[in-house]
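The values are calculated or read from the model by the stated rules, or taken from the named source; none is laboratory data. Computed from a prediction, not measured in an experiment: that's the story for all the values here. Methodologically, a virtual Cβ is constructed for each residue, glycine included, from the backbone with ideal geometry; neighbour enumeration extends over all protein chains shown. SASA here: full protein model, heavy atoms, side chains in, ligands and nucleic acids out. Shrake-Rupley method; radii C 1.70, N 1.55, O 1.52, S 1.80 Å.
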Amino acid sequence: QVQLVESGGGLVQPGGSLRLSCAASGSIFSINSMGWYRQAPGKQRELVATITIGDTTNYADSVRGRFTVSRDSAKNTVYLQMNSLKPEDTAVYYCNVESRSKPFIAFRSYWGQGTQVTVSS
């Protein structure tokens, strides 16, 4: 099993910044990708940003240029730097990791418990 611990959410004014962190631990042989999704009230969960083991990044159009995803492979940790935050960024942000516990088996997807980000004046 893999455990994900998220931190860094909170309340911020429009135009402000926050940095989310997610540390993965447990039975990890290798990680394929790490990333962030979010879910606003009454809406479906959506991709925010992901980063692969080869450092290829993918962003939702709504956050490109404002958010930056990065990782520390030595710590199995993924970060999301969020700048120029808008009220529409308000949501619960979930960390996602695709990993496997041994070689030559399929990667599995794991989710964090979620951290609330509220952008409001």
Those residues of the range 31-48 that are closer than 19 Å to Val69 by Cα and open to solvent by less than 40 Å² (accessible area, probe 1.4 Å) come to a total of 7
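Grab the strands (runs of 3 or more DSSP E) fully contained in the range 1-88, keeping just those with 3 or more residues being aliphatic (A, V, I, L, M). Walk me through it before giving the result.
Numbers: elements: 2-7, 10-12, 18-26, 30-39, 46-52, 57-59, 67-72, 77-82.
Ranges flagged: 2-7, 18-26, 46-52, 77-82.
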- Query: Does the range 48-70 include one or more residues that are touching a Phe, Trp or Tyr at 6+ places or on another chain (Cβ under 8 Å), modelled with pLDDT under 95 and on the phi < 0 side of the Ramachandran plot?
  - Reply: no
All-but-one check, Asn58 against (1) within 12 Å of the chain's Cα centre (by Cα); (2) open to solvent by less than 60 Å² (accessible area, probe 1.4 Å), failing number (2)
Contact list, first residue from the range 84-112 and of a type in the set (Asp, Glu), second anywhere and open to solvent by 40 Å² or more (accessible area, probe 1.4 Å) and part of a strand (DSSP E or B), beta-carbon distance below 8 Å, six or more apart or interchain, is Glu98/Asn32; Glu98/Arg108; Glu98/Ser109
With the first residue restricted to the range 48-61 and required to be under 18 Å from Thr90 (Cβ atoms), and the second required to be modelled with pLDDT of 95 or more and not in a strand (DSSP E or B), Cβ contacts under 8 Å at 6 or more apart or on different chains are Val48/Ala60; Val48/Val63; Ala49/Ala60; Ala49/Val63
Only one of (1) over 17 Å from Pro14 (Cα atoms); (2) open to solvent by less than 40 Å² (accessible area, probe 1.4 Å) does not apply to Thr68, and that is (2)
The condition from (1) in contact with a Ser or Thr (Cβ under 7 Å, 6 or more places away or on another chain); (2) over 20 Å from Pro14 (Cα atoms) that Ala40 misses is numbered (2)
Condition set open to solvent by 60 Å² or more (accessible area, probe 1.4 Å) and in a loop (DSSP other than H, G, I, E, B), scope the range 102-119, selection nearest to Val69 (Cα to Cα): answer is Gln113
- Query: Is the range 76-89 home to any residue that is of a type in the set (Val, Ile, Thr) and loosely packed, with under 12 Cβ neighbours inside 10 Å?
  - Reply: no
